[in-house]
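Colleague: Following this message is one structure expressed as structure tokens.
Rule-based calculations on the coordinates, nothing more; no lab input. None of the values given here were measured: they were computed from a predicted structure. Methodologically, a virtual Cβ is constructed for each residue, glycine included, from the backbone with ideal geometry; neighbour enumeration extends over all protein chains shown.
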Amino acid sequence: MTPASEYWDVTPERFAQDVRTLGQPAILRGLVADWPIVRANLDSELGAVEYLARHDIQSDLEFVSAAPGWQGRFHYTPDMLAFTFERHRARYRDFLDILGAAAATPHPRAIAIQSLDLETYFPGFVVAHQMSLVPADVAPRVWIGNRVKVAIHNDPVENIACVVAGRRRFTLFPPDQIGNLYLGPLHVTPAGTPISMVDLIDPDLERYPRFRTALRVAQVADLEPGDALYIPYQWYHHVESLDSINVLVNYWWSRALTAFSEPWEALVHALGTIGQLSSAQRSAWKSAFDYYVFKTSGDPGAHLPEFTRGLLGEMSASDLEKVRAMLVVSLSRGNSRSMS
């Protein structure tokens, strides 16, 4: 594993020209060091979480917890019949009481609020905490907890993760390592995206030998409060919170114009259709996907008049919505194509 590249004094222009274009993880040192919530944590371990409490709308929210024996790892149980964590609901102030009590316990339960919309639950945060590196309409989300480990996974978005309180370690793998990460089930996941079955902290390399290859190209980012990390689209990452109270604010965004939901859902649909075909049939569809989707032979619609290209050309949002409606009808009636 190698350290991720580090940058200081990153402006929007420098981020766009020198960081994002590389398509590599990047530590953005001190990017949010001047945020009020970061400064609030300088004098007290509870400063950041108490800062949020001042903006709390006092609504129930969800958090997860795992028994001490799981050592902070949110994952599957060994028999794969359940998860190592439980889901709960509470008011934010009650959650803080639980978090504070855990901080005073030698072997506490792992607890965490995950991916909570900040503007919904803590109105006013966006106004006081600007993020100029992402599009203005991107909504920040917050993660609050103690020493927890989030398994290797990826997201179909770009991400800037800002450490507000506590220290965090990210271990990152490029998308092409998917075959070396031993992903778990696609249909039953802890939080919607498949996770690696490998325990990064204590990997079983006899059971998962290809993981050695992934480790050779992994990058590590150790972050302090005020630092941020740019995670490129689809990069896999493991996240370890290292202190008794940790707060992270992140910004997910994608600028793909689509009315077809997420690419991941297209993959799931392909697994249920193309994945069930014979080897020869899958090969034929691979050629079609290479040609139309991955454009390995160039623009597949270049030989057609522009007004006839449809999906092969530039489509407006209304055009995409029409195709989406067609797909909804097609999926709802199942396989009704006649065989002749």
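Colleague: Suppose every K and R has +1 on its Cβ and every D and E has -1 on its Cβ; what is the size of the dipole of the chain about the Cα centre, in Debye to the nearest 20?
Modeller: Computed charge dipole of the chain: roughly 920 debye.
Colleague: Report, in degrees rounded to the nearest 10, the 0 to 90 angle that the Cα long axis of helix 263-273 makes with the longest principal axis of the chain.
Modeller: Orientation of helix 263-273: about 50 degrees from the principal axis.
Colleague: Out of Ser297, Ser316, Ser44, any idea which swings most in a Gaussian network model of the chain, alpha carbons joined below 10 Å?
Modeller: In the Gaussian network model the winner is Ser297.
Colleague: Using a Gaussian network model of the chain whose springs link C-alpha atoms within less than 10 Å, name the residue from Thr308, Thr105, Thr120 with the highest mean-square fluctuation.
Modeller: Thr308
Colleague: Compute for the stretch 263-333: radius of gyration divided by Kirkwood radius, i.e. Rg/Rh, restricted to C-alpha atoms, rounded to two decimals.
Modeller: Using Cα coordinates only, the ratio equals 1.01.
Colleague: For the chain, find the longest principal axis of its Cα atoms and tell me its angle to the long axis of helix 92-103, 0 to 90°, nearest 10.
Modeller: That works out to roughly 70 degrees.
Colleague: What per residue convex hull volume, in Å³, do the alpha-carbon atoms of the chain yield?
Modeller: Hull volume normalised by residue count: 189 Å³.
Colleague: Mind checking which of Ser330, Thr213, Trp143 is farthest towards the positive end of the chain's charge dipole, using Cβ charges of +1 (Lys, Arg) and -1 (Asp, Glu) about the Cα centre?
Modeller: The listed residue farthest towards the positive side: Ser330.
Colleague: Report the calculated FRET efficiency for Leu327 and Ala101 (r = Cβ-Cβ distance, R0 = 45 Å), to the nearest 0.05.
Modeller: The value I calculate is 0.35.
Colleague: For the chain, with a Gaussian network of springs between Cα atoms less than 10 Å apart, report the residue from Thr21, Thr273, Thr171 with the top mean-square fluctuation.
Modeller: Residue with maximal mean-square fluctuation among Thr21, Thr273, Thr171: Thr273.
Colleague: Which value, in debye to the nearest 20, describes the size of the charge dipole of the stretch 263-333 about its Cα centre when Lys and Arg Cβ atoms bear +1, Asp and Glu Cβ atoms bear -1, and nothing else is charged?
Modeller: Dipole size: approximately 300 debye.
Colleague: Also, quick follow-up: For the chain, which span is the longest to avoid every loop-located (per DSSP) member of trypsin sites (Lys or Arg not before Pro) having at most 16 other Cβ atoms inside 10 Å?
Modeller: With trypsin sites (Lys or Arg not before Pro) excluded where exposed in loops, the chain gives 92-166 as its longest stretch.
Colleague: On to the next question. Name the residue from Val38, Leu96, Ala26 whose Cα lies farthest towards the positive end of the charge dipole of the stretch 12-153, charges +1 on Cβ of Lys and Arg and -1 on Cβ of Asp and Glu.
Modeller: Highest projection toward the positive end goes to Ala26.
Colleague: In addition: For the stretch 125-179, treating each Cα as an identical point scatterer without solvent, what Debye log10 I(q)/I(0) comes out at q = 0.28 1/Å?
Modeller: Once normalised to I(0) and log-transformed, intensities are -1.36.
Colleague: I would also like to ask the following. Subtract the Cα-Cα distance of Gln17 and Ile201 from 0.36 nm times their separation in residues, and report this length gain in nm to one decimal.
Modeller: 62.8 nm
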